[in-house]
1. Give me the net charge for the shell around LYS232: Cβ to Cβ below 11 angstrom, other residues only, Lys and Arg +1, Asp and Glu -1.
2. If you take the alpha carbon radius of gyration of region 194-354 and divide it by 2.2 N^0.38 Å, what ratio comes out, to two decimals?
3. What ranking do PHE51, PHE206 get, fewest neighbouring Cβ atoms within 10 angstrom at the top?
4. Could you work out the local net charge near ALA11, counting Lys and Arg as +1, Asp and Glu as -1, over the other residues with Cβ closer than 10 Å to its Cβ?
5. Return the sequence-ordered ³J(HN,Hα) values of region 191-207 in whole Hz as given by the Karplus equation 6.51 cos²θ - 1.76 cosθ + 1.60 applied to θ = phi - 60°, using x for Gly and Pro.
6. If we count other beta carbons within 10 Å of each Cβ, what is the order of TRP124, TRP13, fewest first?
7. Once you keep just the Cα pairs under 8 angstrom separated by 6 or more residues, what percentage relative contact order results for region 163-277?
8. For ARG132 and ASP201, what is the calculated FRET efficiency with R₀ set at 30 Å and r taken between the beta-carbons, to the nearest 0.05?
Amino acid sequence: MQENKKIGVVADWLVTYAGAERVIAEFIELYPKSDLFSVVDFISDENRKYFHGKKATTTFIQKLPKAKEKYQKYLPLMPLAIEQLDVSKYNIILSSSHAVAKGILTGPDQLHISYVHSPIRYAWDLQHQYLREAGLDRGLKGKLARLILHKIRMWDYRTANGVDHLIANSKFISRRIKKVYGRDSDVIYPPVDVDRFSLVDEKEDFYFTASRLVPYKRIDLIVEAFSHMPDKKLVVIGDGSEMGKIKSKAARNIEILGYQSNEVMQSTMQKAKAFVFAAEEDFGITPVEAMACGTPVIAYGKGGVLETVKPVGYEAPTGVFFGEQNINSLIGAVNQFESLSDNFLPENCRQRAMYFSTQRFKSEIENYVMSKWDLFCENKTIHY
């Protein structure tokens with residue numbers, strides 16, 4: 001299809017290599033002649049290889065003071081910025097959006113497909129949590145922040161109508177899209193590099209969690225719960241703003257390793273008896289990576305993880321859920337896991353993880369784009 005079609009790929013921002021950037025990388029892998037666009041592009045040389053060495057056409061925010069470190073502070077300017085990118089010469093626009101990428105301006109003779117990781121989280125149902133954590137839930141700054149978020153919500157809703165087809169990264173996000181935009185979406189689960197992880201059958205006697213140490217990840221809850229279970233060892237990998245708070249809650253049975261290399265992370269994940277996950281995520285890649293190692297998951301039963309981890313009561317279960325983000329609920333789930341541990345076979349965990357592979361994603365995206373392009377061309381045809 002690409003031989004005679006120009007394809008533009010649009011990202012929110014390119015700074016780290018995480019979930020949204022993996023989707024961009026697979027778009028480029030599928031369509032290597034495509035051109036790349038982003039609000040800012042500060043991706044490292046090491047990670048740029050995933051984009052075939054491409055550098056994005058960027059916006060005026062790229063040149064603003066401290067944009068590399070503080071790019072998110074420029075969120076109020078991003079709707080204006082993304083609209084300045086000219087993609088008028090492309091037949092097909094593929095955006096990977098959790099903020100503003102889907103707001104790129106396109107015309108009636110262009111097909112725009114947006115892979116949505118979430119509507120702008122801090123502008124919609126997570127606004128109150130975001131304002132609290134940012135210390136903007138009171139005072140004049142708080143009022144100004146609410147006004148800005150109100151404007152962003154209106155822009156976000158309007159631009160959803162400029163996309164021809166919306167893809168959600170989970171059924172959970174599909175429901176959020178319907179709630180926020182009033183539009184239907186198709187679900188294609190994101191790519192997880194499960195081949196990077198190998199199955200290990202023999203597990204050691206410790207639990208494991210890994211994440212950026214930021215409030216919504218709720219690593220503090222996991223650490224506090226395990227502090228109440230001194231007979232159970234917990235290993236924590238990750239760094240972030242919550243490090244001090246988390247260290248203060250850690251008992252002797254908890255080992256906090258801070259930031260570690262991918263090799264250490266993978267080795268620890270492979271050996272753990274279970275991976276513990278307490279966040280409400282749109283999809284949640286790390287639990288899938290744990291299952292790829294043959295490691296079962298103990299997770300908060302909300303969000304995308306309900307679609308990836310198969311609970312007890314179903315054939316070939318891969319984990320257990322806890323119903324509330326509190327200490328007693330998590331302790332109960334750990335005890336349930338231990339009483340049922342013979343049910344969680346490493347090979348079943350691995351098999352479940354393979355369902356979310358990169359190869360599966362590429363195949364589904366390629367077929368989706370081709371079918372929507374054929375439909376688009378058919379609808380443009382004039383019959384006299």
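1. Values: positive: LYS233, LYS273; negative: ASP205, ASP231, GLU338.
Within the 11 Å Cβ shell, the charges total -1.
2. Working: Rg = 14.1 Å, N = 161, 2.2 N^0.38 = 15.2 Å.
Expressed relative to 2.2 N^0.38 Å, the Cα Rg reads 0.93.
3. Listed from fewest to most nearby Cβ atoms, that is PHE206, PHE51.
4. Values: positive: none; negative: ASP12, GLU21, ASP41.
After counting each charged neighbour, the total is -3.
5. Running phi through 6.51 cos²θ - 1.76 cosθ + 1.60 with θ = phi - 60° gives x, 10, 7, 5, 5, 6, 10, 10, 6, 10, 7, 7, 9, 9, 8, 8, 9 Hz.
6. TRP124, TRP13
7. Numbers: 166 pairs, mean separation 30.7, N = 115.
That works out to 27 percent.
8. Computed FRET efficiency for ARG132 and ASP201 comes out at 0.10.
A short reminder: the numbers here are calculations on the coordinates, not readings from a lab. Keep in mind that this is a model prediction, so the values were computed, not measured. With ideal geometry, Cβ positions are generated from the backbone for all residues, glycine too; neighbour counts draw on all protein chains shown.
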